[in-house]
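The values are calculated or read from the model by the stated rules, or taken from the named source; none is laboratory data. The structure presented is a predicted model; accordingly, all values stated were derived computationally and were not measured. In this analysis, Cβ positions are derived from the backbone assuming ideal geometry, glycine residues included, and neighbour counts consider all displayed protein chains.
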Amino acid sequence: MADKNQMEEISIEKVVLNIGAGSAGDRLVKAQKVLEMLTNHKPVLTTSKKTVRDFNIRKGLTIGTKVTLRGEDAEDFLKRAFFARDYKIQNYSFDKQGNAYMGIPDYTDFKGMKYDPDIGIFGMDVAIVFKRKGGYRLSRRKIATKRLPDKIRVKKEESMEYLKDKFGVTIL
């Protein structure tokens, strides 16, 4: 039995937490405070890409906040996030590229977090991006950029298996 190729191993590239506050102002500042409490990282503001008159949103208006976690920080946060979700994730939460998306309805679901009446209730979206150790540079380099071959891409089933093995997650 031959050993698996080390460059084909799957790992977590990044975890992105996003809170859409809907408008700038006090609510957005509270959303930033929630993300900072959960991750100990400084959140970045996000702006709207287009105008939506029904929601009173103009293009360029700051409407949300996000944090990107990588490496150890990403894995530590995922352990806490899966605890908040009872180690369960839906089958339809995975896309064709093998990335996973889930929502957490309230920040108080996390272990050790207490409700703060000054902040209120904030839910968040969590995006988990997977990659293989070798090969992604092929599509991102400046000179001789190429399309990724299928054997380098992470498939839906592989990322499901990774979450089951690494975090003990049940896929519904």
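Summary table
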quantity	calculated
Residues (in a strand (DSSP E or B), of a type outside the set (S, T, N, Q) and more than 20 Å from Ser11 (Cα to Cα)) located in segment 61-93	Ile63, Gly64, Lys66
Selection status of Val154, of a type outside the set (S, T, N, Q) and in a strand (DSSP E or B)	no
Where Glu8 falls short, out of the listed (1) under 17 Å from Val129 (Cα atoms); (2) surrounded by fewer than 17 Cβ atoms within 10 Å (Cβ to Cβ); (3) at pLDDT 85 or above	(3)
Yes/no for Asp3 being of a type in the set (Asp, Glu), exposed (fewer than 12 other Cβ atoms within 10 Å of the Cβ), closer than 30 Å to Tyr136 by Cα and out of contact with any Gly (no Cβ under 7 Å at 6 or more places or on another chain)	yes
Residue check, Val52 closer than 30 Å to Arg147 by Cα and of a type in the set (Val, Ile, Thr)	no
Residue list for segment 107-141, restricted to those being modelled with pLDDT of 80 or more, part of a loop (DSSP other than H, G, I, E, B) and closer than 23 Å to Asp86 by Cβ	Ile121, Phe122, Gly123
Residue that is surrounded by the fewest Cβ atoms within 10 Å (Cβ to Cβ) [pool: residues in segment 128-150 that are touching a residue at least 40 places away in the same chain (Cβ under 8 Å) and farther than 18 Å from Asn5 by Cα]	Val129
Close pairs from segment 9-34: first basic (Lys, Arg), partner modelled with pLDDT of 85 or more, Cβ under 6 Å, at least 6 apart	Lys14/Thr68; Lys14/Arg70; Lys14/Val129
